[in-house]
Amino acid sequence: MTNLSPQAAASLGSFNAAPAEAAERDLLACCASGTFAKAIADGRPYQDPAALVAATDAAFDVLSWDDIVEAMSEHPRIGDRAVRTGMSAAEQSGAAAASDAVRQRLADGNLAYEQRFGHVFLICASGLSGQEMLTSLQARLGNDEETERAVVRAELLKITRLRMTRMLNL
């Protein structure tokens, strides 16, 4: 393991050594696809973070749309006031800090998006303002289904990478 802090090396080492059930449970907190969690847990041990990232990318490449939908089922709506704790709350802090008008437009946009595509609007919201999320939502409403599925997959991968990095202190 090169260029890892002692804490990161210990975290990756602990992840590699964890029982499969515990590793899968931790992975499900990062991406709620059982297929993903099993693939990553079964691929251990990972020599370094780059190997884990490569495995994550490879796992995402073969996830079915049903696997993606399964993972999205654990994601709340962007701007949902009920999201007050956990990773989603921190990731969506830009929406929580938005004006009432932006939050209302996000709520309206979420409904339009769900009617159009049949699932929640998913975006890697970390570091984005409420207005930036709204702008993306409005733009993505114009996507065809195939394009939007590719965008959703890419956004879910970004979220998963971010969560895994936090989980393992990398």
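If you go through the stretch 143-170 and keep only what is open to solvent by less than 70 Å² (accessible area, probe 1.4 Å), assigned to a helix (DSSP H, G or I) and more than 18 Å from Asp57 (Cβ to Cβ), you end up with Thr147, Glu148.
Of Leu106, Leu122, Leu63, all but one fail to be buried (at least 16 other Cβ atoms within 10 Å of the Cβ), modelled with pLDDT under 95 and of a type in the set (A, V, I, L, M); the exception is Leu106. Note on the stretch 37-75: among residues that are aliphatic (A, V, I, L, M) and touching a residue at least 40 places away in the same chain (Cβ under 8 Å), the one that is farthest from Gly118 (Cα to Cα) is Leu52.
Of all residues in the stretch 27-48, those satisfying the criterion of being more than 20 Å from Glu155 (Cα to Cα), surrounded by 15 or more Cβ atoms within 10 Å (Cβ to Cβ) and not hydrophobic (A, V, I, L, M, F, W, C) are Lys38, Gly43, Arg44, Tyr46, Asp48.
The values are calculated or read from the model by the stated rules, or taken from the named source; none is laboratory data. Note that this is a predicted model, so its numbers are computed, not measured. A quick note on method: Cβ atoms are made from the backbone with ideal geometry, for glycine too, and the neighbour counts reach across all protein chains shown. Accessible surface areas use protein heavy atoms only, side chains included; no ligands, DNA or RNA. Shrake-Rupley method; radii C 1.70, N 1.55, O 1.52, S 1.80 Å.
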